[in-house]
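Below you'll find the structure, written out as structure tokens, and then a few comments.
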Amino acid sequence: MPVPLIYRRRFIPDEIILLKDDIVLVYEKDLIITKWVTLRPRKDIASGISAYYLDKGYKISKVFDRHGKVVYWYCDIIQTKADLDKNTVLFEDLLIDVILHKDGSIQIVDLDELADALNLNLITKQEALYALRTLDSLLKIIYKDNFYELQAPINDIEKLYSSNI
């Protein structure tokens, strides 16, 4: 399987971006792992490693500061649209995010953006329902203390490439 071009679509603001600088470390049927640097310079974060769980609807990211220290784990609720003919994968950010802080606290963010996107017909009712159900499945994993299963592929690849990440 040739590595596809990866695009990210956001609904708010409405944009599609080719993630041309992301480096694909793993490309399997239901899992893509990339390493990346922020698209725009930021003071709080600089880079990360992300695992796209294509069959589950989430992107799990280990996010680092400019010194390579973990800032937090960031989870995006996504839907995936692959075009085999064009060898592209489009990840649509369905707005809801979960942040797992180092102190163990959990923060669910951007539910207001999901409501706005639905109200403005930027997403469909079906997409909003999918996002909420996917959030629920992710939270069940987190609350059952099984999040390590989603972290493991990222941590394993980080160890493998530790001199290059």
Original post:
Among the residues of region 90-98, is any more than 27 Å from Leu5 (Cβ to Cβ) and without any contact (Cβ under 8 Å) to a residue 40 or more places away in the chain?
Top reply: no
**OP:** Go through (1) out of contact with any Ser or Thr (no Cβ under 9 Å at 6 or more places or on another chain); (2) surrounded by fewer than 18 Cβ atoms within 10 Å (Cβ to Cβ) one by one and return the number of the condition Gly68 breaks.
**Re:** (1)
Original post:
Hey, among the residues in region 128-150 that are in a helix (DSSP H, G or I) and polar (S, T, N, Q), which one's surrounded by the most Cβ atoms within 10 Å (Cβ to Cβ)?
Top reply: Thr134
**OP:** Take the residues in region 102-127 that are under 17 Å from Tyr72 (Cα atoms) and polar (S, T, N, Q), then tell me which one is surrounded by the most Cβ atoms within 10 Å (Cβ to Cβ).
**Re:** Gln107
**OP:** Would you check if there is a residue in region 153-164 being surrounded by 15 or more Cβ atoms within 10 Å (Cβ to Cβ) and either touching a Leu at 6+ places or on another chain (Cβ under 7 Å) or on the phi > 0 side of the Ramachandran plot (or both)?
**Re:** yes
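Is there a residue in region 65-76 that is of a type in the set (Lys, Arg) and under 17 Å from the mean Cα position of the chain (by Cα)?
Filtering region 65-76 for residues of a type in the set (Lys, Arg) gives 66, 69.
Now drop any that are not under 17 Å from the mean Cα position of the chain (by Cα), which leaves none.
No, because not a single residue in region 65-76 is of a type in the set (Lys, Arg) and under 17 Å from the mean Cα position of the chain (by Cα).
Mind checking whether some residue in region 37-56 is more than 21 Å from Leu25 (Cβ to Cβ), at pLDDT 95 or above, charged (D, E, K, R) and more than 18 Å from the chain's Cα centre (by Cα)?
To start, the set of residues in region 37-56 that are more than 21 Å from Leu25 (Cβ to Cβ) comprises 40-44.
The next check asks that each one be at pLDDT 95 or above; those that pass are none.
Scanning region 37-56, I find no residue that is more than 21 Å from Leu25 (Cβ to Cβ), at pLDDT 95 or above, charged (D, E, K, R) and more than 18 Å from the chain's Cα centre (by Cα), so the answer is no.
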Original post:
Quick one: what pairs do we get from region 45-64, first residue under 13 Å from Ile78 (Cα atoms) and without any contact (Cβ under 8 Å) to a residue 40 or more places away in the chain, second of a type outside the set (Gly, Ala, Ser) and in a loop (DSSP other than H, G, I, E, B), C-beta under 6 Å, 6+ apart or different chains?
Top reply: Leu54/Asp30; Asp55/Asp30
**OP:** Only one of these is hydrophobic (A, V, I, L, M, F, W, C), under 25 Å from Asp116 (Cα atoms) and either in contact with a strand residue (DSSP E or B) (Cβ under 6 Å, 6 or more places away or on another chain) or not in a loop (DSSP other than H, G, I, E, B) (or both): Ile45, Ile12, Ile17, Ile32. Name it.
**Re:** Ile17
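The values are calculated or read from the model by the stated rules, or taken from the named source; none is laboratory data. The shown structure was predicted, so the numbers you read here are calculated from the model rather than taken from an experiment. Positions of Cβ are generated from backbone atoms using ideal geometry, with glycine treated the same way; all protein chains shown enter the neighbour counts.
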